[in-house]
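Everything below concerns the one structure shown next.
The values are calculated or read from the model by the stated rules, or taken from the named source; none is laboratory data. All values reported here derive from a predicted model rather than from experimental measurement. A quick note on method: Cβ atoms are made from the backbone with ideal geometry, for glycine too, and the neighbour counts reach across all protein chains shown.
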Amino acid sequence: MGRFLVLVLTAALLAACGSSDEEASPPTPAPAATTPETVTEPPEVPGTTTEVPAALPGLPKSIAGYREWIKLNKAPIAPRDSDPHLGTKEVYASKEMRSSGLFPNGTIIVKEATRPGKDFLGLIAIMRKQRGADPAHNDWLFVEYTRDSRKEAFAELASGAVCYGCHVGAEETDYVFTAR
């Protein structure tokens with residue numbers, strides 16, 4: 001009787017799973033779970049930019065979603081004479097400034113600018129505070145990226161001493177220029 005039960009169960013399993021006489025077909029892989037890369041653009045407001053730099057070629061991935069960070073200026077910062085970051089600017093920080101007036105280690109600050117007469121971002125300047133990177137400048141690393149057209153990738157324009165030379169004027173605010 002036990003042997004009969006084993007035969008019945010084996011037959012049932014073969015029927016349910018397919019017999020060994022049938023040619024085994026490879027299992028159909030489940031479709032890969034893909035997350036489409038979506039970019040949510042800010043609403044169109046006259047005088048503001050409409051691009052999300054995280055999706056633009058040439059920029060570091062570490063700034064993805066920076067427009068969701070803490071905005072350091074209340075209103076767009078207008079261009080001024082001899083402006084090294086010529087354009088209408090917005091400034092964002094990944095971390096809040098401490099009560100000491102210093103930003104914590106690991107903070108990333110992104111300044112975006114739309115050049116006069118243009119309707120796309122032409123400049124992204126990044127400050128990254130990295131412990132031990134440059135104690136003479138509160139450990140900030142600076143790099144600036146620019147492009148001349150909407151279809152171009154951003155390319156590095158300046159970094160290091162070129163940037164420090166200007167930002168030394170904001171030493172009392174942890175080398176960060178903003179208009180609150």
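Scanning the range 140-178 for residues that are β-branched (Val, Ile, Thr) and in contact (Cβ under 8 Å) with a residue 60 or more places away in the chain gives 173, 176, 178. The residue that is surrounded by the most Cβ atoms within 10 Å (Cβ to Cβ), among those in the range 44-62 that are out of contact with any Leu (no Cβ under 9 Å at 6 or more places or on another chain) and either acidic (Asp, Glu) or at pLDDT 55 or above (or both), is 59.
Exactly one residue among 113, 133, 93, 125 is in contact with a strand residue (DSSP E or B) (Cβ under 9 Å, 6 or more places away or on another chain), surrounded by fewer than 19 Cβ atoms within 10 Å (Cβ to Cβ) and of a type in the set (A, V, I, L, M), and that residue is 133.
Of the residues screened, residue 143 is not one that is assigned to a helix (DSSP H, G or I) and either at pLDDT 95 or above or farther than 18 Å from residue 58 by Cβ (or both).
Surrounded by fewer than 20 Cβ atoms within 10 Å (Cβ to Cβ), closer than 18 Å to residue 56 by Cβ, in contact with a strand residue (DSSP E or B) (Cβ under 9 Å, 6 or more places away or on another chain) and not β-branched (Val, Ile, Thr): is that true of residue 155 in this structure? Answer is yes for this residue.
Would you confirm, using the coordinates I've provided, whether residue 84 is in contact with a strand residue (DSSP E or B) (Cβ under 9 Å, 6 or more places away or on another chain), farther than 20 Å from residue 173 by Cβ and modelled with pLDDT under 95?
No; evaluated as a whole, the condition is false for this residue.
Please work out if residue 171 is surrounded by fewer than 19 Cβ atoms within 10 Å (Cβ to Cβ), out of contact with any strand residue (DSSP E or B) (no Cβ under 8 Å at 6 or more places or on another chain) and not in a loop (DSSP other than H, G, I, E, B). When the stated conditions are applied, residue 171 passes them.
The set of residues in the range 63-85 that are touching a residue at least 24 places away in the same chain (Cβ under 8 Å), surrounded by fewer than 17 Cβ atoms within 10 Å (Cβ to Cβ) and within 22 Å of residue 162 (Cα to Cα) comprises 79, 84. If I ask for residues that are in contact with a strand residue (DSSP E or B) (Cβ under 6 Å, 6 or more places away or on another chain) and either surrounded by 15 or more Cβ atoms within 10 Å (Cβ to Cβ) or in contact (Cβ under 8 Å) with a residue 40 or more places away in the chain (or both), which ones from the range 96-110 would you list? Correct list: 103, 107, 108, 109, 110.
Conditions tested, residue by residue: (1) among the acidic types (Asp, Glu); (2) in a loop (DSSP other than H, G, I, E, B); (3) over 21 Å from residue 59 (Cβ atoms).
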| residue | (1), (2), (3) |
| --- | --- |
| 86 | no, yes, no |
| 100 | no, yes, yes |
| 104 | no, yes, yes |
| 119 | yes, yes, no |
| 123 | no, no, no |
| 150 | no, yes, no |
| 176 | no, yes, no |
